[in-house]
Amino acid sequence: MTRLTILFLRACLALLAMPIYLLSFLGVWEPFCKKVFFPYFLEKLSVIHNGKTKKQKQELFRNLPDFTGPSGELKLLEIGTGCGANFQFYPPGCKVTCSDVNPNFQQGLSRSMSKNQHLHYERFLTAAGEDLHQVPSGSVDAVVCTLVLCSVQSVSKTLKEAQRVLRPGGVFYFLEHVAASPSSWKLFWQQVCHPTWKLVFDGCCLTREIWKDLEEANFSELKLQHISVPLPWTPIKPHIIGYAVK
């Protein structure tokens, strides 16, 4: 019965979003979404999300300087940099390599860079999280991934790449929205919204249990906490936050 209810409500939501489904069928929506809509949407969402998670992010990145490499420089790679929402939380002098599978965030990224001149920006890579071959193995002290693992093709492959590029003793930071608790109303609505949400928001998946992938990855230490981010009228309130050491 619940499954039928979910399917019925999915159909109702798809009906409401029919123009987007039609544009997708015609091959118009995806390029428009990647070039125009999603970069604009993500920049606006990042401001709201940062406002709701500022204290958690400050606490999360507080120990970043502790992972400075033997050279005395802190080399950081961010997977899915987007508009640079995390720059303000990185310590002065940090050497940042930005990467994103979508190269169309440049305007928002430039604005964020100009506001955060306490950092050294090394380069920008157009690369998927699952394939960071442009980054040498063991070459960075920290990898950061926030609101990204929901939309990668493979969470496990992305985590393997993060581990590969980290030096021994390096750290992987994460803050991701995830599936809600089993049998909860939040999970019910996530399941209802999932197909249309994924189409509209450039492949973002609502029901991934990302904590399981992190637990199964071969990190030597994992600090993980489930939190709820107050984002009214959205299905992305449940989050996980923490870090893992190679």
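The values are calculated or read from the model by the stated rules, or taken from the named source; none is laboratory data. None of the values given here were measured: they were computed from a predicted structure. In this analysis, Cβ positions are derived from the backbone assuming ideal geometry, glycine residues included, and neighbour counts consider all displayed protein chains. Note: accessible area is taken over every heavy atom of the protein model, side chains too, but ligands, DNA and RNA are not part of it. Shrake-Rupley method; radii C 1.70, N 1.55, O 1.52, S 1.80 Å.
Points worth noting:
- Restraint check, LYS52/LYS237; LYS44/LYS237; LYS57/LYS198, Cα-Cα greater than 21 Å: LYS57/LYS198
- The chain: most fluctuating residue of LYS75, LYS212, LYS157 per GNM, C-alpha cutoff 10 Å: LYS212
- Rounded to 10°, Cα long-axis angle of helix 185-200 versus longest principal axis of the chain: 80
- Förster-model FRET efficiency, 51 Å R0, THR2 and ASP66, C-beta, rounded to 0.05: 0.65
- Cβ-based net charge around LYS34, under 13 Å, with every Lys or Arg adding one and every Asp or Glu removing one: -2
- Nearest-ten-degree value, helix 155-165 long axis tilted from longest Cα axis of the chain: 10
- Taking every protein chain into account, the accessible area of segment 24-132 amounts to 53 square angstrom per residue (probe 1.4 Å).
- Which of HIS118, HIS194 is most accessible, then next, and so on - probe 1.4 Å: HIS118, HIS194
- Relative contact order, percent, the chain [alpha-carbon distance under 8 Å, six or more residues apart]: 18
- Magnitude of the charge dipole for the chain, about its Cα centre and with charges confined to Cβ atoms of Lys, Arg (+1) and Asp, Glu (-1), is about 520 debye.
- Top of GLY80, GLY51, GLY170 by mean-square fluctuation, Gaussian network on the chain, Cα under 10 Å: GLY51
- In the complete set of protein chains, residue-level accessible area for VAL140 is approximately 10 Å², probe 1.4 angstrom.
- Over the chain, DSSP H runs of length four or greater, each weighted -39,500 (n - 2.57), average out per residue to a 222 nm ellipticity of -12000 deg cm²/dmol.
- Rounded to the nearest 10 degrees, the angle from helix 2-16 to the longest Cα principal axis of the chain is 90 degrees.
- Residue-wise HN-Hα coupling along segment 17-26, computed from phi with Karplus coefficients 6.51, -1.76, 1.60 (Hz; x: Gly, Pro): 9, 3, x, 5, 4, 5, 4, 5, 4, 7
- Computed with a 1.4 Å probe on the full set of protein chains, the accessible area for VAL200 sits at about 20 Å².
- Fraction of the pair-distance distribution of the chain above 30 Å, Cα-Cα pairs, percent: 26
- Among the listed pairs LYS75/LYS246; LYS160/LYS246; LYS115/LYS246; LYS223/LYS246, those beyond 20 Å (Cα-Cα): LYS115/LYS246
- The share of accessible area on the chain that comes from carbon and sulfur is 59 percent, using a 1.4 angstrom probe.
- Ranking by accessible area, most exposed first, for ASP131, ASP141 with a 1.4 Å probe: ASP131, ASP141
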